[in-house]
1. Could you please rank Glu7, Glu25, Glu16, placing first whichever residue has the fewest other Cβ atoms within 10 Å of its Cβ?
2. At 7 Å along Cα-to-Cβ for each site, give me the label-to-label distance between Gln72 and Asn37 in nm.
3. Taking θ = phi - 60°, what integer Hz values does the Karplus form 6.51 cos²θ - 1.76 cosθ + 1.60 yield along the range 3-16, in sequence order, with x for Gly and Pro?
4. Kirkwood hydrodynamic radius for the range 9-83: how many Å is it when counted over pairs of different Cα atoms?
5. Taking neighbour Cβ counts within 10 Å as the exposure measure, how do Ile30, Ile73 sort from fewest upward?
6. Which loop trypsin sites (Lys or Arg not before Pro) in the range 35-83, with loop taken from DSSP, have no more than 14 other Cβ atoms within 10 angstrom of their Cβ?
Amino acid sequence: MNVKLNEVSDTYSRSELNVMAQALEVKAPIAVALRPNRENWNQSSLGQTHRPYKNFVDLRNDRKVSIAQARQIVAKFGRLKNA
């Protein structure tokens with residue numbers, strides 16, 4: 001595993017705690033990254049585009065994902081659990 005994980009839940013933000021609580025319920029392969037990739041702004045011809053923080057790690061492929069992507073993965077595993 002190349003990405004270091006944050007094992008100390010006392011350091012999680014409220015949004016990270018909420019996502020991780022849901023992930024534990026449905027057994028989704030999500031973890032919190034120890035060193036998140038910073039957000040940044042890129043200038044394009046249409047204007048500025050935003051790249052969000054990559055706070056979470058998808059344990060299926062060991063990639064950093066944003067909170068929105070983590071929520072989508074948790075929702076997917078919730079649907080699979082209920083099906």
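1. Glu7, Glu25, Glu16
2. Between Gln72 and Asn37, the label points sit 1.4 nm apart.
3. Whole-Hz 3J(HN,Hα) from phi for the range 3-16: 8, 7, 9, 8, 8, 8, 6, 5, 8, 6, 6, 4, 5, 5.
4. Computed over the range 9-83, the radius equals 13.3 Å.
5. In order of increasing Cβ crowding within 10 Å: Ile73, Ile30.
6. Arg38, Arg60
Here, each number is a calculation from the coordinates, and none is a lab measurement. Not measured: the values here are computed from a predicted model. For neighbour counting, all protein chains shown are included, and Cβ atoms are generated from backbone atoms with ideal geometry for every residue, glycine included.
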